[in-house]
Amino acid sequence: MRKFSRLWLIFAIAGLVATKSNPYADFVAGANFGELIFLFILEILFFIIIIMKKELEIHSENEVIKVLIKILSKLICIVPSIFFLSKLLLGILQLTVFKSLYVVLPDKGWSNPDLVSIVCFIIAMIFNTLLLIAFVYKGKVLKQMTNECVYINPNKQKYKKLNRICVLTLMISMIIGFFNPYEHYLTLICNLWYPLGMFIYFLNLKIARELSESSILKDQFRIFAGDQSKSFEGKGVKIFMIGVLCFIKIITSIVQFVFYSTETKWKLNFWQNKFLLDNAFFMFILATLAELAVVVIFGARIWKEKRQAD
């Protein structure tokens, strides 16, 4: 696996080339290029930490080095994950929205640009997945170097099941919304607001917890971070976050209903399938219920949040 992780540069360049070869919206390869720069920086930091490993073994009480390793291990996993999701979203837009904006076929020398765009997308995502796996392994290597005793939450399995249900309901909602003739592409925007809100909540909570336990900060800063962590775990903030999710749901439902009731048609042509158009009201109800399930599950995940290991 260590040899596999060393091939990350090949995976990154191959994904960049495959994305650039896509006849539709090849400018999306800019995300791959930006990722390549960030990953170079992380690789340099990773190399420096490996060199510092002997220093850590000699001075095991050096908390500063441990904290640096811990922070880098999280960055090495988080940054590639964010880029992976962004490339996946941009790739889907490449095949749908960007493609529909072309008035004439792109001049790329391809005899069948539609087929080539799908093949390039699949190849790019394969290399993007391999790249993500390579850096996740690097993050695990750094975590093992700290040899920290991690708090084990007795409800950890319950959190895992709830996390899987969150992802499952979100995917179902996006699939159903995609076949709604008056929502279609908008289902990405409508549904991705919910994980974004939950990500912001958990990111702030995680930062507050890490700072409250850091041994390199002064006592007053740790006390302040601890108070912030308790406030994020309090009912007030949780009710506010769930209220935000509900507010987003109300707004998106209004937008979807307006599109349905006015039979909106615009340049980004939605499904013109006769069956879907004849059953548009039924599809609208299904999409609304699916998105409501996302709000309920995500709200439950926030409400049940207590201290956990991952």
Condition (residue is of a type outside the set (Val, Ile, Thr) and at pLDDT below 80) applied to region 31-44: is it met by at least one residue?
no
Check off (1) of a type in the set (Asp, Glu); (2) assigned to a helix (DSSP H, G or I); (3) at pLDDT below 80 for residue 227 and give me the number that stays unchecked.
(3)
Cβ contacts < 6 Å: first residue closer than 14 Å to residue 293 by Cα, restricted to region 158-185; second residue at pLDDT 75 or above and among the charged types (D, E, K, R), any location; separation 6+ or different chain. Result?
162/301; 166/301; 173/291
With the first residue restricted to region 23-52 and required to be within 28 Å of residue 119 (Cβ to Cβ) and touching a residue at least 40 places away in the same chain (Cβ under 8 Å), and the second required to be basic (Lys, Arg) and not in a helix (DSSP H, G or I), Cβ contacts under 6 Å at 6 or more apart or on different chains are 23/108
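Yes/no per residue for (1) under 15 Å from residue 183 (Cα atoms); (2) assigned to a helix (DSSP H, G or I); (3) aromatic (Phe, Trp, Tyr); (4) at pLDDT 85 or above:
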{"residue": "240", "(1), (2), (3), (4)": "no, yes, yes, yes"}
{"residue": "244", "(1), (2), (3), (4)": "no, yes, no, yes"}
{"residue": "255", "(1), (2), (3), (4)": "yes, yes, no, no"}
{"residue": "258", "(1), (2), (3), (4)": "yes, yes, no, no"}
{"residue": "263", "(1), (2), (3), (4)": "yes, no, no, no"}
{"residue": "282", "(1), (2), (3), (4)": "yes, yes, yes, no"}
{"residue": "293", "(1), (2), (3), (4)": "no, yes, no, yes"}
{"residue": "298", "(1), (2), (3), (4)": "no, yes, yes, yes"}
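Let's see how each residue does on (1) of a type in the set (Gly, Ala, Ser); (2) open to solvent by less than 70 Å² (accessible area, probe 1.4 Å); (3) touching a Ser or Thr at 6+ places or on another chain (Cβ under 7 Å); (4) under 20 Å from residue 298 (Cα atoms):
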| residue | (1), (2), (3), (4) |
| --- | --- |
| 194 | no, yes, no, yes |
| 202 | no, yes, no, yes |
| 208 | yes, yes, yes, no |
| 223 | no, no, no, no |
| 227 | no, no, no, no |
| 233 | no, yes, no, yes |
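The values are calculated or read from the model by the stated rules, or taken from the named source; none is laboratory data. Worth saying up front: this structure is predicted, and the values here are computed from it rather than measured. Positions of Cβ are backbone-derived with ideal geometry, glycine not excepted, and every protein chain shown enters the neighbour counts. Surface areas here come from the heavy atoms of the whole protein model, side chains and all, with no ligands, DNA or RNA. Shrake-Rupley method; radii C 1.70, N 1.55, O 1.52, S 1.80 Å.
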